[in-house]
Structures are given as C-alpha cells and as structure tokens.
1. Do any trypsin sites (Lys or Arg not before Pro) in region 1-37 lie in a DSSP loop with no more than 14 other beta carbon atoms within 10 Å, and if so, which?
2. So what are the ³J(HN,Hα) numbers for region 121-134, from phi and the Karplus equation (6.51, -1.76, 1.60; θ = phi - 60°), rounded to whole Hz, Gly and Pro as x?
3. Note the full-extension length gain between K83 and T60 as 0.36 nm times their separation in residues minus their Cα-Cα distance, in nm to one decimal.
4. Looking at the chain, I'd like the Rg to Rh ratio, where Rg is from alpha-carbon atoms and Rh is Kirkwood's inverse mean 1/r.
5. Output ³J(HN,Hα) for region 58-71: one whole-Hz value per residue in order, computed from phi by the Karplus curve 6.51 cos²θ - 1.76 cosθ + 1.60 with θ = phi - 60°, and x for Gly and Pro.
6. Long-range amide H contacts for N7: which residues qualify at under 5 Å (H placed 1.01 Å from N, peptide plane, sequence gap of 5 or more or a different chain)?
7. Note down the net charge around L17, summing +1 for each Lys or Arg and -1 for each Asp or Glu among other residues with Cβ under 13 Å from its Cβ.
8. Dipole of the chain (Lys/Arg Cβ +1, Asp/Glu Cβ -1, origin at the Cα centre): which of L17, I130, P33 lies farthest to the positive side?
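Please treat every number below as a calculation from the coordinates, not as lab data. Fair warning: this is a prediction, and the values are worked out from it, not measured in the lab. Every residue, glycine among them, receives a Cβ derived from its backbone with ideal geometry; neighbour counts consider all protein chains shown.
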Amino acid sequence: MKIEINNRTKSKIDLKLVKLVAAEFARANKIKPKEISIAFVGDEEIKKINFKYRGLDKVTDILSFSGDGDYFGEIVIDYDQIKRQAVDFKNSIHKELVFILVHGLLHLLGYSDETEEERKKMIKTGEEFIKNYL
C-alpha cells in the first residue's frame, strides 16, 4: 500500500508508527495495493471539515473518506484531540493514536459506528487487530 502522510500540525508525530499500522492493517485485511492519504490537523481545521462534510460544527478525533479504484481513501486525524483523549482514557498518546488510526481504517473497510451495537463491534475488531498484529 502506498501511504502518503501530511502533518499539518506543529507536533512531532511518529510517522514510522503511522506507516507501520497502515501497512499491517492492509496486509492483515488483504487489501490489494492501493493508495491511502493520512493527514494530521488541529482543532480548527478538523472542525471545518466536519462541518463541511457531516454538518457537525464540532471537533472530532478522526474523519475517514472512502476512495475508489486504486485509492483506498483519506483519513484526517486531529492530533490535538488525540492528545486530549489519551489523558481522558488514561492511555499513552502512542496507544490512542494507534487505536484511532485503526478505527479510521476500519471505516474505510466499510465498518460503521452509527449505532451502539456497531460501535461496540468496531471497537472489538480494532482492539483484536491491535492485539494480534501490532
């Protein structure tokens, strides 16, 4: 999988980790060679994107946009939100980033978290991937 990463924040992000997670996810899920774009942004930018595409005028941790053909899709991650959530969930930033990235990749595979049942299934699937492959 070709992985393009764009860090639009001032934070130092472990991009090798991000590439490793995306590549392992592709291998584990037998995703044929495709391209994926992963962007890291701040609160203001993700809020604008969330409003434009989902009509929600609020910050979120991740947005996923499915692609087609050779383009698997795009993931936009609010790194500031990841850092806050790491504190809230008593996780390291590293663990929270991996969990949220896997969550976004699952969305690109077609998983949904609109209902509580879907959300629980998605969390369980993500946790199993992390435990078994990372």
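1. On the way: sites: K2, R8, K10, K12, K16, K19, R27, K30, K34; in loops: R8, K10, K12, K30, K34.
Qualifying residues, ordered by number: R8, K10, K12, K30.
2. These are the phi-based 3J(HN,Hα) values: 5, 5, 4, 4, 4, x, 5, 5, 4, 4, 5, 8, 10, 10 Hz.
3. Details: separation 23, 0.36 × 23 = 8.28 nm, distance 1.22 nm.
Length gained, K83 through T60: 7.1 nm.
4. On the way: Rg = 14.0 Å, Rh = 15.0 Å.
Ratio of gyration radius to Kirkwood radius: 0.93.
5. In residue order, the calculated couplings are 7, 6, 9, 7, 8, 10, 10, 10, 5, x, 8, x, 7, 9 Hz.
6. F40
7. Values: positive: K12, K16, K19, K95; negative: D14, E24, E96.
In short, +1.
8. L17
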